[in-house]
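Comments concern the structure below.
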Amino acid sequence: HPAPDCDGHVCKPPVDECQDDPECNAGLDGICEADVAVADQTHCWYCDTEGVSNVCKPGCKYDSDENLIPKCPAEKPNCNPATHGCQAASGSTLLTSMVFKSFGCDGCDQEGVSMTLTGSEDFIPPPTCTTVDLDHPNPQVDFSGTSTFNATAAEQGIGWNTCYMAALDGKVSAALVTWTGSGTWKPDTICFDWDNDNSRVSICSFEGATLENGQEKALTCALGDTVDCFDK
């Protein structure tokens, strides 16, 4: 928030940046982008009137079917009033966990994986999401053996980005993976699990590839035979 203004030893309240939501969206369409995290939205802003002064903040206030802005796109039509983030429609199958299996990681003092995941191809266009530098905080090592990432509030800020509870509708049909850490990563597979206990997992394979910093690999993905990444 803007700092109070001191004038003649008298503190004056900061000037309001906005009075209403349309003012924050001047020159914009006011429609949030489906695959962009709330903090990174540039097309949708709301006027926050809860602080010392009114300020424009990124995020939605309305569902996609409302004639007001800022609102959500059709791909993620529901606005969460607590987070000002757009969510999938009720009934979508959401991504809840990712299990990485690796053969090892040589010289990997830093770890991190950025991915673009493509969901079910039953939709046109298919849903997508991205992770950015996915990695648990030190000292946990994620990419030398087996590591699980769960879509919980505690892990939301460790690189899940728009893949957090992403509505990929129960399938990862394609994955583009970039190693953002140091050293040489020797990945094996990634398994994706869902909030629907009856949905089969998706498994993507690196097919023997190794990755160094900035290198990417398009994975081969298919439905698994089980509904849990740890089932034999």
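The values are calculated or read from the model by the stated rules, or taken from the named source; none is laboratory data. The model shown is predicted, which means the values in this text are computed figures rather than measured ones. A quick note on method: Cβ atoms are made from the backbone with ideal geometry, for glycine too, and the neighbour counts reach across all protein chains shown. All accessible areas refer to the heavy atoms of the entire protein, side chains included, with ligands and DNA or RNA removed. Shrake-Rupley method; radii C 1.70, N 1.55, O 1.52, S 1.80 Å.
In region 91-119, the residue that is modelled with the highest pLDDT out of those that are among the aliphatic types (A, V, I, L, M) and farther than 25 Å from GLU212 by Cα is LEU95. When region 177-210 is limited to residues that are in contact with a Lys or Arg (Cβ under 6 Å, 6 or more places away or on another chain) and of a type in the set (A, V, I, L, M), the one that is modelled with the highest pLDDT turns out to be VAL177.
Restricting attention to region 44-67, and to residues there that are touching a residue at least 24 places away in the same chain (Cβ under 8 Å) and open to solvent by 50 Å² or more (accessible area, probe 1.4 Å), which single residue is farthest from CYS32 (Cα to Cα)? Ranking the candidates gives VAL52 first.
Scanning region 70-125 for residues that are aromatic (Phe, Trp, Tyr) and assigned to a strand (DSSP E or B) yields a count of 2. When each of TYR46, TYR62 is tested for being of a type in the set (Phe, Trp, Tyr) and under 27 Å from ILE158 (Cβ atoms), the lone residue that passes is TYR46. Before we move on, is ALA166 at pLDDT 95 or above, of a type in the set (A, V, I, L, M) and either assigned to a helix (DSSP H, G or I) or open to solvent by less than 30 Å² (accessible area, probe 1.4 Å) (or both)? Judged against the criteria, ALA166 is not a match.
Among residues of region 68-107 being hydrophobic (A, V, I, L, M, F, W, C) and open to solvent by 30 Å² or more (accessible area, probe 1.4 Å), the one that is farthest from GLY145 (Cα to Cα) is LEU68. Taken as a whole, the condition of being hydroxyl-bearing (Ser, Thr, Tyr), in a loop (DSSP other than H, G, I, E, B), farther than 27 Å from VAL38 by Cβ and in contact (Cβ under 8 Å) with a residue 60 or more places away in the chain does not apply to SER199.
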